[in-house]
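Rule-based calculations on the coordinates, nothing more; no lab input. Remember, predicted model here, so these are calculated numbers, not experimental data. Every residue, glycine as well, gets a Cβ built from its backbone with ideal geometry; the counts of neighbours run over all protein chains shown.
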Amino acid sequence: MFRFGTSVLVTALALSACSRDKTAEAPAPAAAPATISEVVQTKQGAVRGTTVTENENVTAFIYRGIPYAAPPVGELRWKAPQPAPAWEGERDATNWPNRCPQGQSSMGTGAPISEDCLYLNVVTAAKTADEKRPVIVFFHGGGLTSGTSASTTYNHPTLPNKGVVLVTVNSRLGPIGYLAHPALTKESGHGSSGNYGTLDLKASLEWIRDNIAAFGGDPGNVTIMGESGGGTKVISQMASPLTEGLFHKAIVESGSGLATSDRSLKLADAEAMGVKLATALGIKDGPDVLAAMRAASWEQILEAAGKKEVGFRASPVVDGYVIPEPVNEMFKAGKQRKVPLIVGANQGEASLQTSVPQTADLHSKAGAPTYVYSFTQLPLGWRQEKGCVAFHGLELTYVFGAIPVGLTSATTQGLARGGGCSVGLPAHDEQDMKVADQAATIWAQFAKTGNPSVKDLVEWPAYTDQNKAYLSLGTPLEAKIGVENSYVAPPARATNAE
């Protein structure tokens, strides 16, 4: 009996101890997700943004001018972007960032021009940091030579209120972003030079991967989007082996030519341009050539690049590292990133009636879901003008839901004549507001799922080289076939001084 009693006692004590251990090891209640406010903590430090409200009740937080890389000045000019330094306290993120070096441009705000320009803006309507909203990253247009992310159109709160986190990015442009030179190639450690703007965009995507969750975004669901020259930027990211895993969908608006024509530069040709530019600066070849080139002001470099004898052209460079082969050949061989793609142009862009379906053919044949559009909507005032058709860049006002602010922008006004439209703020109506809401809804749906069809709104069929399906994006919203016949040349219009 004694032994039995002892055994029971020991067993009871062991069970009691086990129970206490399990209680002690029980996980603590999960901490509540961080609430998003005007102050958000990034890996480099806290940023203080502001609240923006448009169209009376569309509100979001906006954080302007967050550095995603170190200023590429001095010895960092014409080098791959380096990590942004950390800071103490709260960084003011209420002002637009500098524009990257460029000539005169109507695009964006009048922010100062400086080589210290590697910044991005974030707009979010998320309430907490655990929402994992899809992310849309916008690369602005301007032909790789001009433009800025600092635009009230591009950073409008409508898309964020459709359930996405919106990021807009600056990157180096012109000869500051795309100059190659034999000495730079030798210095790089990769036998390459000339793709600094392309590397900037990659660095912005790495920043997003590491930081966007703090703004309620999902780093595992990123869509890169660009218009005109921004479309070139998107395609270059699709072609670069260095961007693997950094984005998951793509949108190319009126900027598909790089995928279908020989626009990328061979390294030797790009280096020859760089040598001519140095000569135009009065710099002779030698061991100090890079120091002398980096000592020149950006204004001097742009002036030299513009000289006829230099013949500088900003373009992705086939350097064997950032861009391994001519981009159009990569698309032809199906070597591009095979992510779901939206590609299209506006009705008045007859020059793109070939490259849009060709890009769609190549991407869909590579096995990637591909969706094609032709944007046809005009605001009421221009709708009533004979011969006016949807012109280059007009769709951005609708996709970002930025009516009426986008119609007043200097960029839209400057491009209006290209569609045979008058200059001056056109009237808009409920039809325009409806199309803007629909366009933003569709783009947000694509960012969420990779399929732009929206229940009870539109069934947008995927494009194939057999069905030639596309979406006529306007009034009515309608799926059609034969996109190559949807673009028209606007009539010539007399130019009057503004």
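By the Kirkwood approach, averaging reciprocal distances over each pair of separate Cα atoms, the chain gets a hydrodynamic radius of 24.0 Å.
Taking every Cα-Cα distance in segment 152-238 and sorting them into 5 Å bins from zero, the calculated P(r) comes out as 3, 12, 19, 21, 18, 12, 7, 5, 3, 1 percent.
The residues packed around G255, meaning those with a beta-carbon under 13 Å from its beta-carbon, carry a net charge of -2 if Lys and Arg are +1 and Asp and Glu are -1. The slack between K386 and E325, meaning 0.36 nm per residue of separation minus the straight C-alpha distance, is 17.4 nm. For E187 and R209, FRET efficiency with R0 = 45 Å and r from the beta-carbon atoms, rounded to 0.05? So, using R0 = 45 Å, E works out to roughly 0.95. Put in order of Cβ neighbour count within 10 Å, fewest first, the listed residues S151, S453 become S453, S151. The Kirkwood radius of segment 37-111, taken over pairs of alpha-carbon atoms, gives through the Stokes-Einstein law at 37 °C and 0.692 mPa s a diffusion coefficient of 226 µm² s⁻¹. A DSSP coil position with no more than 10 other Cβ atoms inside 10 Å describes the following trypsin sites (Lys or Arg not before Pro) in segment 296-346: K308. Across segment 426-491, the mean sequence separation of Cα contacts (distance under 8 Å, 6 or more residues apart), normalised by length, yields a relative contact order of 19 percent.
Modelled spin-label separation between V58 and D288, with each label point placed 7 Å from Cα along the Cα-to-Cβ direction: 5.6 nm.
Extension gain for the segment K338 to N95, taken as residue separation times 0.36 nm less the Cα-Cα distance, is 83.8 nm to one decimal. In the chain, the DSSP-assigned H stretches of four residues or longer account for a calculated mean residue ellipticity at 222 nm of -9000 deg cm²/dmol, using -39500 (n - 2.57) per stretch and the full residue count as denominator. Which value, to two decimals, describes the C-alpha radius of gyration of segment 345-471 once divided by 2.2 N^0.38 Å? Normalised Rg, Cα atoms only: 1.11. For the residue pairs K202/K233; K448/K480; K434/K455, the alpha carbons lie more than 18 Å apart in K448/K480. When each of the peptides 261-267, 234-240, 354-360 is scored by how many other beta carbons lie within 10 Å of its residues on average, the order from highest to lowest is 234-240, 354-360, 261-267. One decimal place: the segment E38-E430 gains 137.9 nm when fully extended, by the rule 0.36 nm per residue minus the C-alpha distance. Across q = 0.13 Å⁻¹, segment 215-265 modelled as identical point scatterers on its alpha-carbon atoms has Debye log10 I(q)/I(0) values of -0.32, in the order of the q list. Couplings 3J(HN,Hα) of segment 262-268, computed from phi: 7, 9, 6, 8, 5, 4, 4 Hz, in residue order, whole Hz [Karplus 6.51 cos²θ - 1.76 cosθ + 1.60, θ = phi - 60°; x for Gly and Pro]. Along each principal axis, taking the top coordinate minus the bottom one, the Cα set of segment 420-493 gives 38, 28, 19 Å in descending order.
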